[in-house]
Structure formats: structure tokens, C-alpha cells
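Nothing in this text is a laboratory measurement; each read-out follows from the coordinates by a stated rule. Everything numeric here is computed off the predicted structure, so don't read it as measured data. So basically every Cβ, Gly included, is an ideal-geometry build from the backbone, and we count neighbours across all protein chains shown.
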Amino acid sequence: MEEEMDDKLVLALRKIALMGGMHDYISISSRELGEMLAMSQQSASKRILELLNEGWIVRDLGARRQRIKLTDKGIESLRREYSEYQKIFETRDHIIIHGEVVTGMGEGQYYVTQEGYQDQFLAKLGFKPYEGTLNLRLIPQDIYKLDILRRSSGTLIKGFEKSGRTFGDVLCHLATIQNIDCAVVVPTRSHYEDVVEILCKNHLRRTLGLVDGDLVEVRISIA
């Protein structure tokens, strides 16, 4: 279960991040942070201690001034907040992503053809996918939308075990490409950080005449 962040801590964490604290240590005193947050030095000092206790920042007291940096946990907390704001301001019931067609590692065909997945695809998505996936590498400005997809409910395709091998859960979102029904696959485990796989009953490369490097727009339903 995701932690609920205190709004006061979110504000302090955001100020530290805006000063560059996501990427490196920044030098900042309690007084300076207090001025940024319109509070006393004592209250700002307490806020820093609270962030430390939550594990959202680390602090270096070896220098003449304290130096602070966000932890991975702190960055992830801000990323969750960011995803929520994206939903408010940029989405309603769908999002649009753009990606370049790329050749995958050949795993899509292997996984799609597994009976444990095939039966669920037909029952939950309403179609039996072509034996393979269309791989799209998202353009840099759309990569953040993967967080939105992962945090949206979508359609869960449950994992299973077969011959001693574990096949993980897969999250799917119904989508369209040029009015062709399909589904975007967001696996819980993946080799990629910027690539999505598209399931469709059609061979999308052949149907749309796609080759590596072509830019594709995908409209994805979200809940």
C-alpha cells in the first residue's frame, strides 16, 4: 500500500527538489528553508527532521553547512504526486502516447502464445492477440505517462506457473491505433524503461505498413 504523504512534508520536499536536491546534495540552512516555506527557523528544522525520519532525504553534517539530498524513496514520493497532478490537469478518461516502432527481443511472441495468458486475453480483452507484439519506444516527453498507466487500474492478466517457471502479472489497457482496437501491455517486470508492447488481433506492422523508426500515436483508455 502506498504511503499517504503529509501535505506540509510534500511542500518542503518539493522546495528541496526545486533547488536541485533530486540530483545532488544542496547546501541549505533551516533559516533559508524557513523563509522559503514562510515559517520559523525552528519549524523548518523540525520539518527537515521529519523528512529524515520518513527516509525521504539524507543529510550530510560534515561541512560547515548542512547538505541535503532526496533519497530514492523521496523521489518516488514526488513522482506519485506528479502522476496525480497529471491525471487532474492532462487526462480525463484517456491519455495519448507517441513512440517509435522498434524491434523487440523476441519475448513478446513467446509470452503471448502461453495458454495461461491467451485464455485471459480472450476473456478480459475480448480478442485473441496475434502471436507477437508491436514494440514502441516512447518519445522522451511521454515516458512519464508510464507512471500514470501503472497507477491506473487497467485490466489485470494474472500470472501463473508452468513447468516450474513463473510467469508474472501483466497489466493491460485497452487502446486504439488509427481506430484499430488493441491493448497496451505494462508488465510488472520488464527489461525496458521506455518501451511498451501492443497486443492486437491483427499483425499491426503488416496492417499499418510499419517499419522500425516510424512514429505511432496510441490512444489509451484509463480508469
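Odds and ends about this structure:
- q = 0.11 Å⁻¹, the chain: log10 I(q)/I(0) [Debye, one scatterer per Cα]: -0.67
- If you plug the beta carbon distance of Glu32 and Ser221 into 1/(1 + (r/R0)^6) with R0 = 41 Å, you get a FRET efficiency near 0.35.
- Couplings 3J(HN,Hα) of segment 136-145, computed from phi: 10, 8, 5, 5, x, 6, 9, 4, 4, 5 Hz, in residue order, whole Hz [Karplus 6.51 cos²θ - 1.76 cosθ + 1.60, θ = phi - 60°; x for Gly and Pro].
- Over segment 93-221, volume per residue of the alpha carbon convex hull, in Å³: 100 Å³
- Counted without the sites themselves, the longest stretch of the chain free of GluC sites (Glu not before Pro) in a DSSP loop having at most 15 other beta carbon atoms within 10 Å is 5-130.
- Think of it as helices only: each DSSP H run of n ≥ 4 in the chain is worth -39500 (n - 2.57), and spread over all residues that comes to -9500 deg cm²/dmol at 222 nm.
- Cysteines having no other Cys beta carbon under 4.7 Å from their own, within the chain: Cys172
- Helix axis angle, 41-54 relative to the chain longest principal axis, alpha carbon, degrees: 40 degrees
- Shape of segment 7-89, Cα gyration tensor, a/c cut at 1.5: prolate
- Among His98, Ile143, Leu204 the positive-end extreme of the charge dipole of the chain (Cβ point charges): Ile143
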